[in-house]
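Input: a single structure, listed below in structure tokens.
The values are calculated or read from the model by the stated rules, or taken from the named source; none is laboratory data. Everything quoted here is computed from the prediction, not taken from an experiment. When we count neighbours, we look across all protein chains shown, and the Cβ atoms used for this are built from the backbone with ideal geometry, even at glycine.
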Amino acid sequence: MKYINFVFFALIIYLISCQSVEESSINPPNIIVILADDLGYADLGCYGSEIHTPNIDKLASQGTQFTQFYTTARCCPSRASLLTGLYPHQTGIGHLDLDLGHPSYQGNLNEKCLTMAEVLRPKGYTTLISGKWHVGMDTAVWPINRGFDKSFFTHSGGNYFNTENTKLFTDTTRYYSNDEDFYLTDAITNNAIEFISNDTKEASPFFLYLTYTAPHFPLHAKESDVEKYADTYKIGWDSLRINRFKKMRELKVIPSQAKLSKRDEIIPDWNSLTEEEKARETRKMAVYAAMVDCVDQNIGKLLSTLEKEGKLENTYIFFMSDNGACHEEIEKLPWAKPNSAMVGTEASNASVGYPWASVSNTPFRKFKHWTHEGGIISPFIVWNGKNKTHRLDTTNTLHLIDIAPTIYQLAGADYPSNKEILPMEGIDFSPALHSNGPVVRTSPLYWEHEGNEAIRDQNIKLVKDFLNTDWEMYDLKNDPTEINDLYYQQTEKANQLLTKHEKWKERTGVVPWDGPKQVLDSLFIGWFGAPLEIR
């Protein structure tokens, strides 16, 4: 009887999968991939935040919300992995969009990879990008030359209010705006809506890559949005982190056994600050919250437009961040100019720094750059207009490399198989979207960024900080916030994983970080008179 039940269950899963493939081949769905920049795991209402994000929360309440989704720890490599289904070093973007003198760190997407736009366009998709590109400065790898029909983009972001200081392009033409109400987050959405309304064909599907620069610094926000949070952060980062942690447990986006990691040693106690310091820090986080709030408002505007035009039902929406929250304190860099402008205004140049980034990454350790959980875990939501059922997926471990193969499955698109193009590293997780089915991953997940390294195999994770030569080992099922180091208790298992990690580095083109860092330091010294600071 048990065998019969198992066979029956397997048959149902198979039929659902077949039906999904058949529908995609007849009426391919629209695909929208929304990427936030430097958004922390705990920065959305549906993941425990006090920030007002009703539209994203709605996508979560009507879609599949994942709790174990990973990025690559940094903007450029994350975008490269998302677009191609490969590890970033395989695409030529092992670090930033700078040529560090090695094929894996050339700073431009190479010819061994294909973007989602390049794969979906032959399937009949109209391919669109609005927002941050950041996978190559050379014109040969601009969006229009890597599969996109229409593009409105910036290479890396910049001033949110002034297009003179933010290099924006429409296809290959520099874009300027004299609109006194210009705000970059709004412009990114408005151009996406314009593309969908004017440049998509009636009977053809579209693929939209919507990549916001927010809430990446500089902290710039519309004052009407900042006012909503004027008093919210007066309680300070210590209390707020505890409040978020409690809400996250209630929402079950972290397991009940999770413990709140200790405050990073570089972060002062909130009560040790002067009143003037508290006021400035409160303002910083209010502006940050306003930036996230504005992203949510714009997603609501996009959804309303799609609904009015009858394009929403047959649409999949993927939402995620490119890495954990950013600790970088740009005001303290050696080349930073003194700036007395109010935080949030066009002339200001501020970032949230370690303290508030720690809140954004609640309850995890570390930040963007690092491969500890705080640097690589992201909120992840997939919404399907035809099946508005909430699923909280706490079991499947996913990565940016899995997005492309899943989208190709949903779209019925074929990924080419030839010697010139590398096979994708990711897996198709579409069964988890239709039936809460398990996703089978046959190999570990790997990371390397700036010498920060990690490998996750099932629930066991090894991780190393570039500034510390010692590896650490954690059982993430029982210790998701990486508090209890098991390395010296399970050295045999650790050595097995380290052997796999070394083979992965050799296969994907990872080189010792000291080499690229020397080149990078020379660039930074030439530009700013000081080397790159990792911490």
Quick check on K284: is it charged (D, E, K, R), in a helix (DSSP H, G or I) and crowded, with 17+ Cβ neighbours inside 10 Å? yes
Would it be correct to say that A221 is touching a strand residue (DSSP E or B) at 6+ places or on another chain (Cβ under 6 Å) and closer than 21 Å to F318 by Cα? no
Are any of the residues in the range 473-480 without any contact (Cβ under 8 Å) to a residue 40 or more places away in the chain, over 16 Å from I377 (Cβ atoms) and not in a strand (DSSP E or B)? no
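Give the number of residues within the range 425-438 that are touching a strand residue (DSSP E or B) at 6+ places or on another chain (Cβ under 7 Å), buried (at least 16 other Cβ atoms within 10 Å of the Cβ) and in a loop (DSSP other than H, G, I, E, B).
Residues meeting the conditions: 2.
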If D402 meets every condition in (1) among the charged types (D, E, K, R); (2) surrounded by fewer than 24 Cβ atoms within 10 Å (Cβ to Cβ); (3) within 30 Å of Y415 (Cα to Cα) apart from one, which number is that one? (2)
Mind listing whichever residues of the range 136-159 are surrounded by fewer than 20 Cβ atoms within 10 Å (Cβ to Cβ) and polar (S, T, N, Q)? T139, N145, S156, N159
Among the residues of the range 100-116, is there at least one that is modelled with pLDDT under 95, among the charged types (D, E, K, R) and surrounded by fewer than 21 Cβ atoms within 10 Å (Cβ to Cβ)? no
Which pairs have Cβ atoms under 9 Å, sit 6 or more apart or on different chains, and link a residue in the range 334-359 that is at positive phi and at pLDDT 95 or above to one that is surrounded by 20 or more Cβ atoms within 10 Å (Cβ to Cβ) and of a type in the set (D, E)? G353/E281; G353/E328
Here the residues within the range 359-373 that are of a type outside the set (F, W, Y) and more than 26 Å from L184 (Cβ to Cβ) are T362, P363, R365, K366, T371, H372, E373
Regarding the range 461-471, can at least one residue be identified that is touching an Asp or Glu at 6+ places or on another chain (Cβ under 6 Å), assigned to a strand (DSSP E or B) and either without any contact (Cβ under 8 Å) to a residue 60 or more places away in the chain or of a type outside the set (D, E) (or both)? yes
Among the residues that make up the range 38-52, is at least one of them under 15 Å from the mean Cα position of the chain (by Cα), of a type in the set (D, E) and at pLDDT 95 or above? yes
Give A192, A214, A289 a once-over and let me know the one that is of a type in the set (A, V, I, L, M, F, W, C), assigned to a loop (DSSP other than H, G, I, E, B), in contact (Cβ under 8 Å) with a residue 40 or more places away in the chain and buried (at least 21 other Cβ atoms within 10 Å of the Cβ). A214
Cβ pairs under 6 Å, 6+ apart, first in the range 498-527 and under 19 Å from T91 (Cα atoms) and crowded, with 16+ Cβ neighbours inside 10 Å, second at pLDDT 75 or above and of a type in the set (G, A, S): G509/S104; W513/G451
Positions within the range 240-275 being β-branched (V, I, T) and either assigned to a helix (DSSP H, G or I) or over 24 Å from the mean Cα position of the chain (by Cα) (or both), in sequence order: I242, I266, I267, T274
Among residues belonging to the range 57-106 that are of a type outside the set (A, V, I, L, M) and touching a Cys at 6+ places or on another chain (Cβ under 6 Å), point out the one that is nearest to S430 (Cα to Cα). T84
Is there a residue being closer than 28 Å to D393 by Cβ and aromatic (F, W, Y) anywhere in the range 72-88? yes
For I534, indicate whether it is surrounded by 12 or more Cβ atoms within 10 Å (Cβ to Cβ), more than 30 Å from W383 (Cα to Cα) and modelled with pLDDT under 95. yes
Can you tell me which residues in the range 481-511 are farther than 27 Å from L96 by Cβ, of a type in the set (S, T, N, Q) and part of a helix (DSSP H, G or I)? Q489, T491, N495, Q496, T499
Only one of (1) surrounded by 23 or more Cβ atoms within 10 Å (Cβ to Cβ); (2) more than 28 Å from T345 (Cβ to Cβ); (3) of a type outside the set (G, A, S); (4) over 22 Å from the mean Cα position of the chain (by Cα) is not met by F206, so which one is it? (4)
Pick from the range 368-399, criterion within 13 Å of the chain's Cα centre (by Cα) and in a loop (DSSP other than H, G, I, E, B), ranking: surrounded by the fewest Cβ atoms within 10 Å (Cβ to Cβ): H369
Count - residues of the range 445-470 that are surrounded by fewer than 20 Cβ atoms within 10 Å (Cβ to Cβ), touching a Leu at 6+ places or on another chain (Cβ under 7 Å) and under 20 Å from E506 (Cα atoms): 1
Might you check whether a residue that is under 22 Å from the mean Cα position of the chain (by Cα), farther than 20 Å from L302 by Cβ and buried (at least 19 other Cβ atoms within 10 Å of the Cβ) occurs anywhere in the range 163-175? yes
Return only the number of the condition from (1) of a type in the set (G, A, S); (2) in contact with a helix residue (DSSP H, G or I) (Cβ under 7 Å, 6 or more places away or on another chain); (3) farther than 30 Å from D514 by Cβ; (4) surrounded by fewer than 21 Cβ atoms within 10 Å (Cβ to Cβ) that S417 does not satisfy. (2)
Condition check: surrounded by fewer than 24 Cβ atoms within 10 Å (Cβ to Cβ), under 24 Å from the mean Cα position of the chain (by Cα), at pLDDT 95 or above and under 25 Å from C46 (Cα atoms). Does I407 satisfy that? yes
